[in-house]
Amino acid sequence: MEFILARAGNLSPLLNEALGRYRYRVFVETLGWRMDTPPGIERDRFDQPETVHVIARDERHDIVGYARLLPTVGPYLLGEMFPELMNGLPPPCSEEVWELSRFAVMDLQGARTGIATLRPSALALDILQLAADHVEGRGGKRLITVSPLAMERLLRRTGFHVHRAGPPVMVEGHPTFACWIELAGRPAREPRNTAGNGG
């Protein structure tokens with residue numbers, strides 16, 4: 001398994017295209033999200049050159065896991081699109097809080113079906129750990145994520161301390177919630193093969 005942690009502007013054109021296709025197949029084709037996106041490619045306005053991507057690839061260089069990181073001091077998904085998930089509190093705007101979004105662990109070449117039905121896996125923990133390493137290295141202390149309610153059990157079983165920012169809200173027919181992920185006291189992580197340039 002290969003892990004890539006890089007800003008979008010440092011991803012190769014080939015990897016950037018593969019990532020867009022992966023996200024489209026996961027979030028649009030498999031999970032049925034209704035999104036204004038080019039055919040076959042999933043991107044949104046939060047995909048900027050400074051956006052940080054955590055990508056897992058198998059031995060065939062196929063993407064099998066992913067997460068996106070955005071600092072909450074700039075535009076991010078929860079703050080602009082889903083502030084109602086904060087249960088009346090303002091969305092975070094702090095150098096100590098980063099948003100984790102588009103979190104997926106899905107082998108498109110295998111028999112897995114989608115995020116909501118996946119069992120917790122070592123790969124999900126690896127991706128969270130790499131994201132946490134990056135955020136902590138920049139002074140961050142917490143992650144926040146917009147997740148379907150079905151993801152709550154997976155997040156809790158990673159060993160991270162997670163808790164709801166507010167009660168679930170129906171979004172396009174699916175119960176959705178904002179989830180805090182605390183970085184303090186997180187599980188120990190073994191060193192992984194991690195590339196930083198996105199080549």
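Just so you know, all these numbers are worked out from the coordinates, no wet-lab data involved. Treat the numbers as computed from the prediction; the structure is a model and nothing was measured. Cβ placement follows ideal geometry from the backbone for every residue including glycine, while neighbour counts extend to all protein chains displayed.
Shown is the FRET efficiency for residue 170 and residue 35, computed with R0 = 25 Å from the Cβ-Cβ distance and rounded to the nearest 0.05: 0.90.
Contour minus end-to-end for residue 1 and residue 80, with contour as 0.36 nm per residue of separation and end-to-end as the Cα-Cα distance?
Fully extending the segment from residue 1 to residue 80 adds 25.0 nm.
Note on residue 141 and residue 60: the model spin-label points, each 7 Å out from Cα along the C-beta direction, lie 4.5 nm apart.
Remark: the stretch 168-182, residue by residue, has Karplus-estimated 3J(HN,Hα) of x, 10, 6, 10, 6, x, 10, x, 10, 9, 9, 10, 7, 10, 7 Hz, where x stands for each Gly or Pro and the curve is 6.51 cos²θ - 1.76 cosθ + 1.60 at θ = phi - 60°.
Taking every alpha-carbon pair under 8 Å whose residues sit at least 6 apart, the chain reaches a relative contact order of 24 percent. Amide H contacts for residue 107 (H built 1.01 Å from N in the peptide plane; partners 5 or more residues away or on another chain; cut-off under 5 Å): 112. Checking the a/c ratio against 1.5 first, then a/b against b/c, what shape does the Cα gyration tensor give for the chain? Verdict is rounded for the chain.
Extending 7 Å from the Cα toward the beta-carbon at both residue 153 and residue 182 defines two label points whose distance is 2.4 nm.
Full extension of the segment from residue 107 to residue 48, taken as 0.36 nm per residue of separation minus the current Cα-Cα distance, would add 18.7 nm.
Among 23-32, 95-104, 7-16, sorting by the average number of other beta carbon atoms lying within 10 angstrom of each residue, highest first, gives 95-104, 23-32, 7-16. Summarising the amide proton neighbourhood of residue 73: residues at separation of 5 or more, or on other chains, whose placed amide H is nearer than 5 Å comprise 94.
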